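The values are calculated or read from the model by the stated rules, or taken from the named source; none is laboratory data. The structure displayed is predicted, hence computed values, not measured ones. Every residue, glycine among them, receives a Cβ derived from its backbone with ideal geometry; neighbour counts consider all protein chains shown. Calculation scope for accessible area: heavy atoms of the full protein, side chains included, ligands and nucleic acids excluded. Shrake-Rupley method; radii C 1.70, N 1.55, O 1.52, S 1.80 Å.
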Amino acid sequence: MPLEFLKRRGADSESPAKPAPAAAPVGLPEEVVAQEFQLKLHYAGKSTEGVRMRAGPRALAELPQMLIGYAEGDVEVVDPLPLEFAQAMPQIAHPSEAMQWVQAHQDLSPVTRHALVVLESIDAVDLAFDTFACALLDGETDTSGYPEYNAVVGGVASHWDEATGDMIVRAVVGWGGRGVRGDTDRIAQKLLAGILGNVLGSQHAIGLTAVDRPVPAAGRGGLVCAHCGFSSGHERAFYCPKCGMRLLRG
Ligand SMILES: [Zn+2]
């Protein structure tokens, strides 16, 4: 065995590659020809002020109804993400964050996943504390069910006001992809106004309010809800992001 090994090595070293012909020095051309590549992604969205709801956690069940007249297809409700998905981000170059994101959202419809990619990328929705009711609102989907770049998606997002425990609901719409069309912004604005009308029409609505978004705590684990078991990555002062009940500090 050792002999075979040596022999092979010897055989290799006895047949060296032919010496390369001496290359003439190549000067840099006066003009370098470059082949150009680019991808323009355009994501956009709009969000209204919040509408304060004095209904407590019961009002969560009514979120899908606020899309009546505007949803083209099913309304899907996305809950805030629990602690194990606290780092989830729709950015493929960050594998750990991307895997969390895919695991958290793999069972959602293509419309909702597209909406989350757009709205999370532009920071219009934050699932650390938002509950998001989402549908296709305008435009077409491709044969796989994913919205075209000019399709408008979205609906309403809600979170719990830390000061009062009221539910704050806002209309949120978004669109985007590999293209832009001039009239999408106008269509989105109309949809946003229509959905806000629905929210204000709710029996629980008590008026518009500035949206004061909760601030997620960096790196610390949050609290576990005694009511629904939800474990939040977000150090909330009082209210469970998922069910809206008061969190008990242990
Ligand atoms: Zn809860």
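For the stretch 132-139, take each phi angle, set θ = phi - 60°, evaluate the Karplus expression 6.51 cos²θ - 1.76 cosθ + 1.60, and give the result in whole Hz per residue in order, putting x for glycine and proline.
10, 9, 9, 7, 6, 10, 7, x
Nearest 0.05, what FRET efficiency do D107 and L83 give at R0 = 25 Å with Cβ-Cβ as r?
Efficiency, from the Cβ-Cβ distance: 0.85.
Tell me, what is the FRET efficiency for E49 and S96 to the nearest 0.05, using R0 = 35 angstrom and their Cβ-Cβ distance as r?
The pair E49/S96 has a calculated efficiency of 0.50.
If you roll a 1.4 angstrom probe over the protein chains with everything in place, what fraction of the accessible area of the stretch 75-115 belongs to carbon and sulfur, to the nearest %?
56 percent
If amide hydrogens are placed 1.01 Å from N in the peptide plane, which non-local residues have theirs closer than 5 Å to the one on T141?
Amide H neighbours of T141: E148.
Is the stretch 73-187 rounded, prolate or oblate when judged by the Cα gyration tensor, a ≥ b ≥ c being the square roots of its eigenvalues, rounded requiring a/c under 1.5 and prolate requiring a/b larger than b/c?
oblate
Under 5 Å between amide hydrogens, which residues at least 5 positions from D166 or on another chain qualify, with H placed 1.01 Å from N in the peptide plane?
D161
Under a plain spin-label model, where a point goes 7 Å from the Cα along Cα-to-Cβ, how far apart in nm are S144 and L41?
Distance between label points: 1.4 nm.
Starting from the amide H of Y239, placed 1.01 Å from N in the peptide plane, find each other amide H under 5 Å away whose residue is 5 or more places distant or on another chain.
Excluding prolines and chain starts, which carry no amide H, the hits are L247.
Please give the solvent-accessible surface of M66 in Å², to the nearest 10, using a probe radius of 1.4 Å with every protein chain present.
It works out to around 10 Å².
How large is ³J(HN,Hα) for each residue in the stretch 166-176, as worked out from phi by the Karplus curve 6.51 cos²θ - 1.76 cosθ + 1.60 (θ = phi - 60°), to whole Hz, x for Gly and Pro?
Residue by residue, the stretch 166-176 yields 5, 7, 10, 10, 10, 7, 9, 10, x, 7, x Hz.
Work out from phi, with θ = phi - 60° and the Karplus expression 6.51 cos²θ - 1.76 cosθ + 1.60, the ³J(HN,Hα) of each residue of the stretch 148-155, listed in order in whole Hz, and give x for Gly and Pro.
Listing the rounded values in order: 5, 4, 9, 6, 9, 10, x, x Hz.
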